[in-house]
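Computed from the coordinates by the stated procedures, all read-outs in this text should not be read as laboratory data. Please read all numbers here as calculations on a predicted model, not as lab measurements. Cβ coordinates were reconstructed from backbone atoms using ideal geometry, including for glycine residues, and neighbour counts include every protein chain displayed.
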Amino acid sequence: MTDSNSCITINGLNKIYKNGRHALKDVNLVIPSGMFGLLGPNGAGKSTFMRILVALMEPTSGQINAYGYDLLKQRKEVRGILGYLPQDFRFFAKYKTYEYLEYAASLSGMNNFRKRKSAVDSMLEEVGLFEVRDRYANRLSGGMKRRLGIAQALIHNPKVIIVDEPTTGLDPEERIRFRNLLSKVRGNDVTVIFSTHIVGDISSTCNNMALLNQGVVSFKGSPEGMLKLAEGKVWKAVVNDKQLREISNKYPVTSTIPFKKEWEVQIVADEVKGFDVESIQPNLEHAYVYFMEKELDLWTND
Ligand code: ADP
């Protein structure tokens, strides 16, 4: 795909660490503008992928083109169009919230004092931190710190915003707030790429996504597309204690709820044999389990 909508194209990306760990295996992706979610469990290779994308780490092989720049050859230019919020974002304790943002703004080359002040003020408003601008950054709550993180990534109006596991450790309310903030910043032609191991982060905000498992992309497309592929693969059954043990040993069970004196279970599988099951509509959590299991199957059959 080479249409103007493809902002980032990744071809044949591999990363093998010095210890031999093959963290990314022939990743091919086209990332259009809008919200793009990279979903995968811990150890899937998400941070490796993000660090390569922001030119902090070199891949072992592969090509990345971002808005017409070759990422491996034009690292400086690519950094200029990128905003990055790493997973372990930290501040210097001595900075107040607005001072930190001013510092980030001047680092990105905003030298005019008045312009910088106005950019900082409007960014503080946008991320909902204006009221606490005089508070020391390390005194902010977890969610506020994360919002300050996104503010520093956005201050120079980047075309691509890369956010590694932004909602980890946030309470549900802050998580929703953060997700909404991310989806608000996607303007014309802006790409927001974020990684997560939380399925719920993907469903409400992303128009495109990829599923990464053990360094392999096992699905790419829209969340709706992933749901569609899981149709006819999710089942419901009512089982007794003995059957519950049997069915759990044989199939991935995604929920177990007490039902009268038995259990109502949900199972994700191509087919279920030996139990009386009824097909149900998948949700994204089911689809995630379906693809994860599929990938592991391929893996163990290698
Ligand atoms: P995720 O962000 O999805 O949790 P990572 O990209 O951090 O995954 O890690 C992918 C794999 O690469 C894991 O098996 C991890 O142990 C390994 N890994 C990550 N960083 C290094 C490194 N610097 N050296 C060797 N192996 C690494």
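Based on Cα contacts under 8 Å between residues 6+ apart, the chain shows a relative contact order of 20 percent.
For segment 84-196, what does the alpha-carbon gyration tensor say about shape, rounded, prolate or oblate, given a ≥ b ≥ c as the root eigenvalues, a/c under 1.5 as rounded, and a/b over b/c as prolate?
Verdict is oblate for segment 84-196.
For the chain, the longest principal axis of the Cα atoms and the long axis of helix 97-107 meet at an angle of about 70 degrees.
Compared with the dominant Cα axis of the chain, that is its longest principal axis, helix 172-185 is turned about 60°. Relative to the current alpha-carbon distance between Asp88 and Ser122, full extension at 0.36 nm per residue lengthens the span by 9.7 nm. Restricted to Cα atoms, the chain shows a radius of gyration and a Dmax of 21.9, 72 angstrom.
Look at the dipole of segment 212-302 built from charges on Cβ: of Pro258, Leu244, Gly225, the Cα furthest out on the positive end belongs to Pro258.
Overall, the chain carries a charge dipole of about 1260 debye about its Cα centre when +1 sits on the Cβ of Lys and Arg and -1 on the Cβ of Asp and Glu, all other atoms neutral. Once the Cβ-Cβ distance of Glu173 and Glu224 is raised to the sixth power relative to R0 = 35 Å, the FRET efficiency obtained is 0.85.
Select from Ile176, Leu71, Val216 the residue farthest towards the positive end of the dipole of the chain; place +1 on Cβ of Lys and Arg, -1 on Cβ of Asp and Glu, and compute about the Cα centre. Working it through, the farthest residue towards the positive pole turns out to be Leu71. The alpha-carbon of Lys15 sits under 13 angstrom from the alpha-carbons of these aspartates and glutamates, leaving out residues fewer than 8 places away in its chain: Asp26, Glu58. Between Tyr136, Ile150, Val163, the Cα set farthest toward the positive side of the dipole of segment 50-171 (charges on each charged residue's Cβ, about the Cα centre) is that of Tyr136. Semi-axes of the equivalent ellipsoid of segment 1-100 are 25, 19, 14 Å, computed as sqrt(5λ) over the eigenvalues of the C-alpha gyration tensor in descending order. Seen against the Cα atoms of the chain and their longest principal axis, helix 142-154 is set at about 60 degrees.
The slack between Leu107 and Glu231, meaning 0.36 nm per residue of separation minus the straight C-alpha distance, is 39.7 nm.
Per-residue ellipticity at 222 nm, computed for the chain from helices alone with -39500 (n - 2.57) per DSSP H run of at least four residues, works out to -10500 deg cm²/dmol.
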